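Heads up, the thing below is written out as structure tokens.
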Amino acid sequence: MYKAKAYSAAAATSPLASSTITRRDPTEHDVQIDILFCGICHSDLHQVRNEWSEVMPTVYPCVPGHEIVGRVTRVGSAVTRFKPGDLAAVGCMVDSDRTCPECRAGLEQFCANMTLTYNFPDKHLGGVTYGGYSDSVVVDQRFTLRVPDNLDLAGTAPLLCAGITTYSPMRHWGVTTGKKVGVVGLGGLGHMAVKFAHALGAQVVVFTTSPNKKDDALRLGADEVVISRNSNEMQKHTGSFNFILDAVSADHDINAYIQLLARDGNLTLVGAPEKPLAVSAFNLILGRRSLSGSPIGGIAETQEMLDFCGAHNLTADVEVIPIQKVNEAYGRLLKADVKYRFSIDMASLKSE
Ligand SMILES: NC(=O)c1ccc[n+]([C@@H]2O[C@H](COP(=O)([O-])OP(=O)(O)OC[C@H]3O[C@@H](n4cnc5c(N)ncnc54)[C@H](OP(=O)(O)O)[C@@H]3O)[C@@H](O)[C@H]2O)c1
Ligand SMILES: [Zn+2]
Ligand SMILES: [Zn+2]
């Protein structure tokens, strides 16, 4: 075992602060990674503040972070896929049982014995796993991803959650040329959804509560931007979408979006607000529309997404911050004031 630097929250109401944690030394299948950048996902904020207490209560101290990019420093004796000096990335999962039908289908995100990157029982050390707001991490090579070498690293980190979480449902629901796709909420996930839907050839409409994001949405690949608080603008799109991805982090009216779906259209929730959302049965019945959710993506699909980003030279638009500004960044996330993902430069932690 060794000591690593990290930022952790001691309680739901405490700010994140500098601390020291214990990591395992790499076992034979493990890779140790010196973390260069870690994205700030709104899930980190939900989890740190224990907003998902009914589904996954937070264990303190909590070290969040599941959008990790870094360089390999040590590998175990059985590691074949990485060597010291390689770039590597880690997303929301660090382990699973690898034997169940979900794992065998490459859908580790549905494995009943999957281990999330933070706030999940740690099979090696006991306690809970600690995430990427840290100077290093140790992960099994099977849950470590390869980073295309043409991509900007600060903008690559957010692909590990915001990227895969939006890419996966779009692939599942057949987003392609000729489809009309809506993206609700232009934050970290939403802006990646716009980039992917555009790259996949769809007609993309962004729904935002922030009029000042309109020009950015068009630049990111939207064909049209609707200010969602304007019901006249919303109604023009009634019954027209094949697919809508809802990436909103707070309470909002999803019926306003369900009625924009065409026959057999689907609205997938990736946003995970604290409180349940009300659904109008008739909005689903009339039009045989469906409402579903989607969690992250499997390891093979995460690698596919990274390779897709490499081929299309696509990364997140980031504001790079030192870790000392993490609490300020959380405050700005709550005001929907981020363009469009914070990426922590972990050099700032090493110099502490
Ligand atoms: N399913 C999964 O596997 C998964 C993975 C990662 C994250 N998530 C969840 O996805 C959600 C989004 O995460 P994120 O990191 O993209 O968050 P984010 O960067 O904070 O973006 C959320 C966006 O939602 C919109 N919004 C915020 N408050 C709103 C309100 N009261 N009414 C309407 N719109 C509002 C804003 O967009 P506009 O300014 O454009 O309106 C905001 O930028 C979070 O709940 C997160 O936990 C789920
Ligand atoms: Zn996330
Ligand atoms: Zn499994």
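The values are calculated or read from the model by the stated rules, or taken from the named source; none is laboratory data. Model, not experiment: these values are computed from the prediction. Virtual Cβ from ideal backbone geometry, glycine too; neighbours counted across all protein chains shown. Please note that ligands, DNA and RNA were not included when accessible areas were found on the heavy atoms of the full protein model with its side chains. Shrake-Rupley method; radii C 1.70, N 1.55, O 1.52, S 1.80 Å.
Quick notes on this structure:
Residue-wise test of (1) closer than 21 Å to Met305 by Cβ; (2) within 22 Å of the chain's Cα centre (by Cα); (3) among the charged types (D, E, K, R).
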residue	(1), (2), (3)
Ala202	yes, yes, no
Lys214	no, no, yes
Asp223	no, no, yes
Asn230	no, no, no
Phe243	yes, yes, no
Asn255	no, no, no
Arg263	no, no, yes
Asn266	yes, yes, no
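- If only residues of the stretch 80-101 that are among the β-branched types (Val, Ile, Thr) and away from ligand 1 (no atom under 16 Å from the Cβ) are counted, the one that is surrounded by the most Cβ atoms within 10 Å (Cβ to Cβ) is Thr99.
- Unique residue being within 16 Å of ligand 3 (Cβ to nearest atom) and either more than 26 Å from Gln324 (Cα to Cα) or touching a Ser or Thr at 6+ places or on another chain (Cβ under 9 Å) (or both) when the list is Gly106, Gly65, Gly126: Gly106
- Checked against the criterion of being of a type in the set (A, V, I, L, M), open to solvent by 10 Å² or more (accessible area, probe 1.4 Å) and outside any strand (DSSP E or B), the candidates Leu306, Leu291, Leu277, Leu349 yield just one match: Leu277.
- Taking helices (runs of 4 or more DSSP H) as the structural unit, no element lying wholly within the stretch 143-241 holds at least 1 residues that are within 16 Å of ligand 3 (Cβ to nearest atom).
Here is a yes/no grid of residues against (1) touching a residue at least 12 places away in the same chain (Cβ under 8 Å); (2) of a type in the set (D, E, K, R); (3) away from ligand 1 (no atom under 13 Å from the Cβ):
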{"residue": "Ala4", "(1), (2), (3)": "yes, no, yes"}
{"residue": "Leu16", "(1), (2), (3)": "yes, no, yes"}
{"residue": "Pro26", "(1), (2), (3)": "yes, no, yes"}
{"residue": "Gln32", "(1), (2), (3)": "yes, no, yes"}
{"residue": "Gly39", "(1), (2), (3)": "yes, no, no"}
{"residue": "His42", "(1), (2), (3)": "yes, no, no"}
{"residue": "His46", "(1), (2), (3)": "yes, no, no"}
{"residue": "Arg49", "(1), (2), (3)": "yes, yes, no"}
{"residue": "Glu54", "(1), (2), (3)": "no, yes, yes"}
